[in-house]
Amino acid sequence: MTTAPAAGDARTEAATAGEPADEPALRCTDLSYSFGATKAVDGLDLEVAQGEVFGLLGPNGAGKTTAIRAITTLLPVPAGKITVFGLDCARKRMQVRRLLGYVPQQLSADSGLTGRENVELFARVFDVPRSERRARVDEALTAVDLTDAAGRLAGTYSGGMVRRLELAQALVSAPRLLILDEPTIGLDPLARAGVWDCIAQVRAGTGMTVLVTTHYMDEADEHCRRVALMHRGRIRAVGAPSELRAELAAQLGADPERVSLEDVFRHHAGAGLAGADRPDEGGDFRDVRRTRSTAARLR
Ligand SMILES: Nc1ncnc2c1ncn2[C@@H]1O[C@H](COP(=O)(O)OP(=O)(O)OP(=O)(O)O)[C@@H](O)[C@H]1O
């Protein structure tokens, strides 16, 4: 199992991001979180290098959203440690929050405001200096290709446009670490590609680190430099998609081109993978209802 980022790559990309090279963008050490008797996150160790697009993959109920909520400081961390660019999330909550952009799974755009007004609202909430606000809102709308639609009510947007608007909301505060929870759920293939194009362009333009959760193994394979496969609160494998596929192919004596990331996950998670490609078989009723209602809202 490959667990560490390539040091050379991390240093090169850190230089792009303008951050000290010795601290990862994110480090979770032995992180655990329980809801009553349910261990949602169970001893999670994770490291995301500066400047990389990192995918946290897993079926419904794997614990991805709970981990993300702890990282974004929205949940307290009862066990373990999280650092963001070296800052301890438990002790430096406000400083950490200033480094983060977060697009939750639930809808965060207001349908009764225009695209521009939605982004302006986030600029005010995140305390973007008044003198810079207009330029920063324009930049964020341009980055997600919504300049022409900025004057329209968000309620008239397609699902893909809503997702890109939410990206703009998160980008307006110029975060160092952008966290996206299921950014393409419920979108058609064209809209999904549009969201990934935006993510790639923003990363290329800013060197920003991106942590994304998804059920869609094929998307992660194509767009993430490294991925972690999460199942029942734990990380089962970490590495570049091509490395993980090659490792499994070597173990099985198979052609690496014929081994998918889904095969890798199935190998590590066994039957629990069912929820990854058939969301109605993973997690519990609450998980499924929430995922479906999110998808329906975005259509
Ligand atoms: N507020 C809550 N109260 C009780 N149990 C919860 C709560 N939130 C999550 N859980 C449980 O914790 C576990 C992990 O859920 P979590 O939402 O973190 O998984 P996930 O991988 O993000 O799934 P999804 O893809 O559906 O978002 C599941 O068993 C879930 O039922």
List the residue pairs whose Cβ atoms are under 9 Å apart, where the first residue sits in the range 147-161 and is farther than 14 Å from SER111 by Cβ, the second is assigned to a loop (DSSP other than H, G, I, E, B) and modelled with pLDDT under 95, and the two are 6 or more positions apart or on different chains. GLY160/THR184; GLY160/LEU187; GLY160/ASP188
Scan (1) surrounded by 19 or more Cβ atoms within 10 Å (Cβ to Cβ); (2) within 14 Å of the ligand (Cβ to nearest atom); (3) modelled with pLDDT of 85 or more for the single condition GLY282 breaks and write down its number. (3)
Of the residues VAL96, VAL119, only one is in a helix (DSSP H, G or I), away from the ligand (no atom under 15 Å from the Cβ) and within 28 Å of PHE35 (Cα to Cα); which? VAL96
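This table checks each residue for (1) over 15 Å from the mean Cα position of the chain (by Cα); (2) at pLDDT 90 or above; (3) buried (at least 20 other Cβ atoms within 10 Å of the Cβ).
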residue	(1), (2), (3)
ILE179	no, yes, yes
ILE185	no, no, yes
GLU222	no, yes, no
VAL227	no, yes, yes
GLU247	yes, yes, no
ALA250	yes, yes, no
Residue count for the range 131-177, restricted to those that are charged (D, E, K, R) and surrounded by fewer than 19 Cβ atoms within 10 Å (Cβ to Cβ): 8
Tell me whether the range 72-90 contains one or more residues that are buried (at least 17 other Cβ atoms within 10 Å of the Cβ), among the charged types (D, E, K, R) and modelled with pLDDT of 90 or more. no
Can you spot a residue in the range 60-79 that is touching a Ser or Thr at 6+ places or on another chain (Cβ under 7 Å), over 25 Å from ALA37 (Cβ atoms) and not in a helix (DSSP H, G or I)? no
Among the residues of the range 142-162, is any polar (S, T, N, Q), within 16 Å of the ligand (Cβ to nearest atom) and part of a loop (DSSP other than H, G, I, E, B)? no
Taking the stated definitions as given, is LEU87 without any contact (Cβ under 8 Å) to a residue 40 or more places away in the chain and aliphatic (A, V, I, L, M)? yes
For ALA62, are the conditions met, namely being buried (at least 23 other Cβ atoms within 10 Å of the Cβ), touching a residue at least 40 places away in the same chain (Cβ under 8 Å) and not acidic (Asp, Glu)? yes
Is it the case, given these coordinates, that ASP255 is out of contact with any Pro (no Cβ under 8 Å at 6 or more places or on another chain), away from the ligand (no atom under 13 Å from the Cβ), modelled with pLDDT of 50 or more and farther than 25 Å from ALA193 by Cβ? yes
Restricting attention to the range 122-140, the residues that are within 24 Å of the chain's Cα centre (by Cα) and assigned to a helix (DSSP H, G or I) number exactly 9
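The values are calculated or read from the model by the stated rules, or taken from the named source; none is laboratory data. For clarity, every value in this text was computed on a predicted model and none was experimentally measured. Glycine gets a Cβ as well: all are built from the backbone with ideal geometry, and neighbour counts include every protein chain shown.
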